[in-house]
Amino acid sequence: MDFDAQVKISVYRHFADTGEAPSTVDVAGRLGCSNAQVVDAYTRLRLQRVLLLEEDGATIRMAPPFSGVPTPHRVESAGRWYYANCPWDALGIPAALHRSAVVHSQCAQSGDRLRLEVGNTGPEPSDWLFHSLVPAARWWVDLIFT
Amino acid sequence: MLFFRSEERVSEWCTDRGVRPRPLVSVSQLWQLAAAWYSSRLEANARRPGPDEIRAIFAGIGLADPFWDPQADSFAEPA
């Protein structure tokens, strides 16, 4: 496995194990490399649309489906809480973890609360809807807005 | 990207912002997208799907509108 793939897996494993974004120190310690090497890998992973970074280039804002910051889309699985970037990613977390989960979110218009159980083969029946204002070709132009 | 309780709530949200509603996606369809995108994300050889794969994934669950084309830079608001 090349170094960038090791960094990517280390980031994702940290999110899966803790529900939080790792620091560069966390990743460097796990891989036995320098912080600078991790930051360089982050830059390359950003270009591959694997990570979205804060302006400092060293803090992970998104490693989809995981969010490094609190959002209205929370996922509970195996006693651990995760933040998702959007509804799509909220369902993406149990898909990535291969574990059942409960998605907690809300209606963007009414504020009605959503509690959606997701099993290994998918969510319980629901008549809620997902709506994206941004067309697919522009999602990564401003991923936070998307 | 947002959740809505119903199509009426989507319409209200769009009216409040002066934008036209986009194609709606059911929770069942959303799960299929999430599984296609993320089920291998924690694996070493995971990668994002390419444009043709993305089109095929969307088309496979009935989302064939140009809105979902990852390279349709020409997508525009209808008159």
- Query: Using a 1.4 Å probe on protein heavy atoms only, how many Å² of accessible area do B and A hide from each other, summed over both chains and rounded to 100?
  - Reply: 4500 Å²
- In a GNM of chain A with a 10 Å cut-off on Cα contacts, which of A:PRO64, A:PRO123, A:PRO135 has the highest mean-square fluctuation? A:PRO135
- Query: Using 7 Å Cα-to-Cβ label points, what is the B:LEU42/A:ASP112 separation (nm, one decimal)?
  - Reply: 3.2 nm
- Got a number for carbon plus sulfur as a percent of segment A:1-107's accessible area, 1.4 Å probe? 47 percent
- For the protein assembly as shown, with equal point scatterers placed on the C-alpha atoms only and solvent neglected, what are the log10 I(q)/I(0) values from the Debye formula at q = 0.12 1/Å, to two decimals? -0.66
- Query: Where only protein heavy atoms count, and the probe is 1.4 Å, what is the accessible area per residue for segment A:54-146 in Å²?
  - Reply: 45 Å²
- Message: Averaged across B:10-16, how many Cβ atoms of other chains sit within 10 Å of each residue's Cβ atom?
- Response: 3
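Within 10 Å, count the other beta carbons around each residue, average over each peptide in B:16-24, A:110-118, and list them highest first. Can you show the working numbers first?
Numbers: B:16-24: 11.8, A:110-118: 15.1.
Per-residue mean Cβ counts within 10 Å order the peptides as A:110-118, B:16-24.
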- Item | Complex-versus-alone comparison for segment A:112-129, residues with a loss of 50 Å² or more in accessible area, probe 1.4 Å | A:TRP128, A:LEU129
- Query: Name the residues of segment A:65-101 whose accessible area falls by at least 40 Å² when all protein chains are present instead of the chain alone, probe 1.4 Å?
  - Reply: A:PRO87, A:TRP88, A:LEU91, A:ALA95, A:ALA96
- For B:ILE61, A:ILE60, the accessible-area ranking with a 1.4 Å probe, largest leading, is B:ILE61, A:ILE60
- Message: Let me confirm one metric for peptide B:17-25, namely the mean number of other chain beta-carbon atoms within 10 Å of its residues' beta-carbons.
- Response: 3
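The values are calculated or read from the model by the stated rules, or taken from the named source; none is laboratory data. Nothing here was measured: the structure is a model prediction, and the numbers come from that model. Using ideal geometry, Cβ is built from the backbone for each residue, glycine included, and neighbour counts are taken over all protein chains shown. SASA here: full protein model, heavy atoms, side chains in, ligands and nucleic acids out. Shrake-Rupley method; radii C 1.70, N 1.55, O 1.52, S 1.80 Å.
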